[in-house]
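Step one of this worksheet: look at the structure below.
The values are calculated or read from the model by the stated rules, or taken from the named source; none is laboratory data. All of these numbers come straight from a predicted model, not from anything done at the bench. Quick reminder, even Gly has a Cβ in these numbers, built from the backbone with ideal geometry, and neighbours come from all protein chains shown.
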Amino acid sequence: MDIFEHIMKEHREVEAMLERLSQGYDEEVFNKLRLSLAAHMKAEEESLYPAMNDQEREMVQHATEEHRGIDKMLMEIGRSSKEGDSFIESIEDLTSLINDHVIDEEEQMFPRAKQMFDRSRIDQLSAKFDEVDERITQKAT
Ligand SMILES: [Fe+2]
Ligand SMILES: [Fe+2]
């Protein structure tokens with residue numbers, strides 16, 4: 001699995017967790033969502049994003065700002081009441097923020113990255129993504 005396949009697999013997993021949370025709060029799913037997103041965003045920020053930064057600075061900056069917005073929203077949801085409608089509404093807001101970000105990555109960033117990098121560079125970035133993603137996920141479990 002290369003970095004693009006791995007990122008897309010995690011996007012689909014995040015979408016499935018958000019779908020479950022849109023039915024109501026579940027502690028285990030919510031904690032797993034927070035951890036998965038933290039590891040995913042950090043791994044992107046230590047592999048693909050810096051590799052693209054020189055040539056696509058604006059794209060990378062915009063994506064990084066969206067990550068911070070997602071972090072912030074997760075923290076706020078974590079601190080707020082998990083009862084009833086307000087939790088579900090917050091999950092809906094988070095879902096639309098994440099969906100926009102995922103579309104940017106998959107439809108703009110990936111095609112651009114595939115133009116920029118050769119196979120060996122992609123392999124290198126894939127290894128870096130995996131390493132960061134696993135390190136953060138394991139530290140927390
Ligand atoms: Fe991202
Ligand atoms: Fe992503």
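Could you look through the stretch 54-68, keep only residues that are without any contact (Cβ under 8 Å) to a residue 40 or more places away in the chain and within 14 Å of ligand 1 (Cβ to nearest atom), and pick out the one that is surrounded by the most Cβ atoms within 10 Å (Cβ to Cβ)?
Here is the first cut: in the stretch 54-68, the ones without any contact (Cβ under 8 Å) to a residue 40 or more places away in the chain are 54, 57-58, 60-61, 64-68.
Applying the additional criterion that residues be within 14 Å of ligand 1 (Cβ to nearest atom) yields 60-61, 64-68.
Working: Val60: 20, Gln61: 12, Thr64: 15, Glu65: 11, Glu66: 18, His67: 18, Arg68: 10.
Checking each candidate, the answer is Val60.
Of all residues in the stretch 69-98, those satisfying the criterion of being free of Cβ contacts under 8 Å to residues at least 60 places away in the same chain, of a type outside the set (Val, Ile, Thr), in contact with a helix residue (DSSP H, G or I) (Cβ under 9 Å, 6 or more places away or on another chain) and within 16 Å of ligand 2 (Cβ to nearest atom) are Gly69, Asp71, Met73, Leu74, Leu97.
This table checks each residue for (1) surrounded by fewer than 16 Cβ atoms within 10 Å (Cβ to Cβ); (2) within 16 Å of Tyr49 (Cβ to Cβ).
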position	(1), (2)
Asp93	yes, no
Ile98	no, no
Ile103	yes, no
Arg112	yes, yes
Lys139	yes, no
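Of everything in the stretch 10-22, what is of a type outside the set (A, V, I, L, M), more than 15 Å from ligand 2 (Cβ to nearest atom) and in contact with a helix residue (DSSP H, G or I) (Cβ under 8 Å, 6 or more places away or on another chain)? Give them in sequence order. Before you say what the answer is, go through the steps one by one.
The first filter runs over the stretch 10-22 and keeps only residues of a type outside the set (A, V, I, L, M), leaving 10-13, 15, 19-20, 22.
From what is left, the residues that are more than 15 Å from ligand 2 (Cβ to nearest atom) are 19-20, 22.
Scanning the stretch 10-22 gives Arg20, Ser22.
Residues in the stretch 23-33 that are more than 21 Å from Asp85 (Cβ to Cβ) and either modelled with pLDDT under 95 or in contact with a helix residue (DSSP H, G or I) (Cβ under 7 Å, 6 or more places away or on another chain) (or both): Lys32 alone. Filtering Gln55, Gln61 for residues that are of a type in the set (S, T, N, Q) and part of a loop (DSSP other than H, G, I, E, B) leaves a single hit, Gln55.
Just so you know, in the stretch 24-67 the residues that are of a type in the set (Gly, Ala, Ser) and away from ligand 2 (no atom under 13 Å from the Cβ) include one that is farthest from Met109 (Cα to Cα), and it is Gly24.
Yes or no: Ala16 out of contact with any strand residue (DSSP E or B) (no Cβ under 6 Å at 6 or more places or on another chain) and more than 24 Å from Glu131 (Cβ to Cβ)? Even if it seems obvious, please write down each step before you answer.
Details: out of contact with any strand residue (DSSP E or B) (no Cβ under 6 Å at 6 or more places or on another chain): yes; more than 24 Å from Glu131 (Cβ to Cβ): yes.
Criteria met by Ala16.
Scan the stretch 47-57 and give yes if some residue there is among the charged types (D, E, K, R) and farther than 23 Å from Ala127 by Cβ, otherwise no. Within the stretch 47-57, one or more residues are among the charged types (D, E, K, R) and farther than 23 Å from Ala127 by Cβ.
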